[in-house]
Amino acid sequence: MRTILVILFVGAAFSPLISIFGQDNVLTDLPEVRGPFTLTAVHDVATGRNAFAYDGHTIPPLIRVSPGRAITLRYVNDLPIHSDEACVTGPCTNISNLHFHGLHVSPQNPQDDVLTMISSPGETLNYKVVVPSEAPPGLYWYHTHPHGESARQDLDGMSGAIVVDGIDRYYPQLRHMRERVLVLRDGDLEHTGQESRKRILQRVEIISSCRGAASEQSPERVFTVNGEIRPQIPIGPGVHEFWRIVNASPDLYADLQVGGQQLEIVALDGMPLSYHDRNRGTRKVDHLLVAPAGRMEAIVTGPPSGSRTTLRTRCVDTGPDGDPNPAMVIADVVAGNGPSAVHSLTSTRGQAVYQQISGQALGELEANNPDFTVVFSEDKNGFYINEKKFAMDADPMLRARIGSMQHWRVINSTKELHPFHIHQIHFLAYAENGIRSESPEWLDTVNVSYGGGTVDLIMDFTDPIIRGMSLFHCHLLSHEDKGMMAKILFQ
């Protein structure tokens, strides 16, 4: 439990952010890679933080992959043997690996294996992550996942975005829209001078927290977009753009809103809204709460000529024991054409692949008692799932039969908000606090309200590719590092 929220979007090393806070910078696109590449974990002496290096820069690339193809990369751990950073359970050791968050891929080596694929400084891991041909097309992300050090490395910025091609097959209106990939991440102001901190907080227009006591505390972090504090996003007046936003913060929430308009949601957590229901269209909302690790893909419309609006986060009540998440401006959305080199979402070949699930089958599962219950709890000694603290050598908490679907209930017995996440699959979040949702959604990360809040989920274990040892945990990564995680064996 810390003091305050601030989020960044993946971009350059943090040090330039301090020097540009007073400028109106136009948002820049991320470097992209398709095909085999090398990603290196490095220590940036200028910032004192660890980072991902690619193509000579500490800007994590956007990975693009087509369904049926593989993400092939060489991950080099070039971090120093001795770290001067502190992790949540003690001094960091700079072990590292990669998790391919949200993808329906194998949890076994050399794919999305975070349990046995771990590198020490000087070692290299070789990944070949096969994305199934029927994979939901959308926005995913990658980040490090070494138990005990995940929060520190993610806070440093060791994460990036993944796009699986083909979402235009489900929503043809997206074709040739300007596509923007925005990675929200934390910018830590802890070591920023008092005057610079004050000016940065004024720039993002921090509004007092949802809880009165927190308003007296000075925020330690701020939102950035692709490495920049409050950049400008130019859009032609009335022009539709396709925005793909990932909240890559280790523990901060973003209740996203574009002033003066509704967001037209196309996909959540990488899954098109119509993937399990071919007749479903888009959904319009005034704002959307995106949990740490969550993703939103939506159509946004440019403001009228001569005007501007903002992309902002509203304040989020994380509970009496939670970290303050104040409202702030993330970016200015201005009327204009922007850079001449515009990246548009192009057409992809083939037909949309739908995975229809019987309404009767879902109804029967919902009507039954839960097959498994997850209880989040915490005390001064740590964080727990079903009163157990995670250990790397622990046995699986449960085994799940491949080909099955199950009803799970997640209970939050703590006094702070927690996001539940499970590797390898999506689930249908259909009820909160015992009340059925008006719009059940397929997600891979879901918020569970504090003070005994519950969510009911239909877990989809039908894909044989997920066979092996996997994990589920709270995606406040400091909580995961302190024990709020468990193994599940898909067999």
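The values are calculated or read from the model by the stated rules, or taken from the named source; none is laboratory data. Just so it is clear, the model here is predicted, and its values are computed rather than measured. So basically every Cβ, Gly included, is an ideal-geometry build from the backbone, and we count neighbours across all protein chains shown.
Of the strands (runs of 3 or more DSSP E) contained entirely in region 121-219, those carrying at least 3 residues that are of a type in the set (Val, Ile, Thr) and modelled with pLDDT of 95 or more fall at 124-130, 159-164.
Per the conditions (1) outside any loop (DSSP other than H, G, I, E, B); (2) touching a strand residue (DSSP E or B) at 6+ places or on another chain (Cβ under 8 Å); (3) among the small types (Gly, Ala, Ser), the sole criterion not satisfied by Gly483 is (1). Pairs are defined by a Cβ separation below 6 Å, a sequence spacing of at least 6 or placement on different chains, a first member in region 172-197 that is among the acidic types (Asp, Glu), and a second member that is not in a loop (DSSP other than H, G, I, E, B); the pairs so defined are Glu179/Phe242; Asp186/Leu8; Asp186/Leu155; Asp186/Arg221; Asp188/Arg221.
Rundown of residues vs (1) within 30 Å of Gln424 (Cβ to Cβ); (2) charged (D, E, K, R); (3) at pLDDT below 95; (4) part of a loop (DSSP other than H, G, I, E, B), yes/no style:
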site: Pro292; (1), (2), (3), (4): yes, no, no, yes
site: Glu297; (1), (2), (3), (4): yes, yes, no, no
site: Met328; (1), (2), (3), (4): no, no, yes, no
site: Ala341; (1), (2), (3), (4): no, no, yes, yes
site: Thr348; (1), (2), (3), (4): yes, no, yes, yes
site: Val374; (1), (2), (3), (4): yes, no, no, no
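A quick yes/no check of all residues on (1) touching a helix residue (DSSP H, G or I) at 6+ places or on another chain (Cβ under 9 Å); (2) touching a residue at least 12 places away in the same chain (Cβ under 8 Å); (3) under 28 Å from Asp323 (Cα atoms):
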position	(1), (2), (3)
Asn226	no, yes, yes
Ile233	no, yes, no
Pro237	no, yes, no
Ser249	yes, yes, yes
Ala254	no, yes, yes
Val258	no, yes, yes
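Within region 169-203, the set of residues being surrounded by fewer than 21 Cβ atoms within 10 Å (Cβ to Cβ), among the acidic types (Asp, Glu) and touching a Ser or Thr at 6+ places or on another chain (Cβ under 9 Å) comprises just one member, Glu179.
Taking the condition under 30 Å from Gly319 (Cα atoms), surrounded by fewer than 23 Cβ atoms within 10 Å (Cβ to Cβ) and either modelled with pLDDT under 95 or not assigned by TED's automatic domain parsing to the domain that holds Phe100 (or both), does Val239 pass?
no
Of everything in region 297-351 that is polar (S, T, N, Q) and more than 25 Å from Gln173 (Cα to Cα), the residue that is surrounded by the fewest Cβ atoms within 10 Å (Cβ to Cβ) is Ser307.
Where strands (runs of 3 or more DSSP E) fall entirely within region 377-426, none has at least 3 residues that are modelled with pLDDT under 95, of a type outside the set (Val, Ile, Thr) and not assigned by TED's automatic domain parsing to the domain that holds Val455.
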